[in-house]
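Values in this text are rule-based calculations from the coordinates and carry no lab data. Treat the numbers as computed from the prediction; the structure is a model and nothing was measured. Every residue, glycine as well, gets a Cβ built from its backbone with ideal geometry; the counts of neighbours run over all protein chains shown.
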Amino acid sequence: MKIIQDRYEKKLIPSLPRELFEGRIIVIFSEVEAQKAVDYLMRQKILGFDTETRPSFQKGKMHQVALLQVSTPDTCFLFRLNRIGITDALVRLLEDQQITKVGLSLQDDLRMLRQRRDFVPGTFIELQKEVKAIGIEDMSLQKIYANLFGKKIAKNQQLSNWEAETLSEAQRKYAATDAWACIQIHEEIAKMKRNGDFILELTPQPEKEANTNHNSL
């Protein structure tokens, strides 16, 4: 019987074994490569989805989304949007109504993508809604993954430069892991709901302080 928490304690995460995507990672630099990658992705049944944006350390300044990660269970494509933008092929994928595409905080990701080029979003599944349906209150990928699998997804590359000339191996692994993890979460929740073999433990709520403002007799 699987035991999960409604709220996972962040302090437990550092001691967990690290999770990393071990499949193929293919970086896309051109429209021609994007077309080939999308042709491959459009033949899949499920895709994990995420984006990365160069962080801004200057108040009021925001960068455009720089990277789109789209993963199958064993292959992740990293589309360098700061180089190629949203190509016609990517619009076809983003507007697709048939393939199961899963992600976390999709509203933010899709909004940022549409700032580069407008499109009509196709079928996407929001993992935050899926986990909430089984009683998990946490909204972050790191906490959700730790809760379901007992492993940590390291976030040390999150604030790195996603517009760098060349993405480091650590950046590529981080980006691919985030997208791939969305598939793992979606499929694990589906299995748990299908089998009903899990217990949700609720975080104890602090007792309300007794009202000490009584009128003296």
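In sequence order, the stretch 49-65 has phi-based couplings of 9, 7, 9, 9, 10, 4, x, 10, 9, 10, 4, x, 9, 10, 9, 6, 4 Hz under the Karplus curve 6.51 cos²θ - 1.76 cosθ + 1.60, θ = phi - 60°, and Gly or Pro positions carry x.
Which of HIS63, HIS186 comes first, and how do the rest follow, when ranked by fewest Cβ neighbours within 10 Å?
HIS63, HIS186
For PHE21, nonlocal amide neighbours, meaning residues 5 or more places apart or on other chains whose placed amide H falls under 5 Å from its own, are THR177.
Taking amide H as placed 1.01 Å from N in the peptide plane, VAL27 has its amide H under 5 Å from the amide H of LEU78, each at least 5 places away in sequence or on another chain. Could you work out the local net charge near SER15, counting Lys and Arg as +1, Asp and Glu as -1, over the other residues with Cβ closer than 13 Å to its Cβ? Summing Lys/Arg as +1 and Asp/Glu as -1 gives +4. Of all lysines in the structure, those lying under 27 Å Cα to Cα from LYS152, and not within fewer than 8 positions of it along the same chain, are LYS2, LYS10, LYS11, LYS45, LYS101, LYS129, LYS132, LYS143, LYS173, LYS191, LYS193. Give the shape of the stretch 88-190 as rounded, prolate or oblate, defined through the alpha-carbon gyration tensor: a ≥ b ≥ c are the square roots of its eigenvalues, a/c under 1.5 means rounded, and otherwise the shape is prolate if a/b is larger than b/c and oblate if not. Oblate shape, in that a/c is at least 1.5 and b/c is the bigger or equal ratio.
Considering the zone a paramagnetic label at ARG194 would reach in this model (a point 7 Å from Cα along the Cα-to-Cβ line), which residues of the stretch 1-16 have amide N under 19 Å from it? Hits in the stretch 1-16 for ARG194 at 19 Å: 1-3. Fewest neighbouring Cβ atoms within 10 Å first, the residues TYR145, TYR40, TYR8 line up as TYR40, TYR8, TYR145. Which of the following values of semi-axes √(5λ) of the Cα gyration tensor in Å was calculated from the structure shown: (1) 31, 20, 17; (2) 35, 21, 17; (3) 29, 21, 18? Evaluating semi-axes √(5λ) of the Cα gyration tensor in Å on these atoms matches (2).
Distance from the C-alpha centroid of the stretch 104-126 to that of the stretch 1-65: 14 Å, rounded to the whole angstrom.
Here the gap between LEU159 and LYS61, fully extended at 0.36 nm per residue and compared with their Cα-Cα distance, gives a gain of 33.8 nm.
Counted by neighbouring Cβ atoms within 10 Å, the residues LEU159, LEU141 run from fewest to most as LEU159, LEU141. Label separation (SER105 vs ARG83): 2.5 nm, computed from points 7 Å beyond Cα along the C-beta direction. In the elastic network of the chain, a GNM with C-alpha springs shorter than 10 Å, the most mobile of LEU12, LEU20, LEU68 is LEU12. If a paramagnetic tag sat 7 Å from the Cα of ALA170 along the Cα-Cβ line, which residues of the stretch 33-53 would have the backbone N under 19 Å from that point? Zone members listed by number: 52-53.
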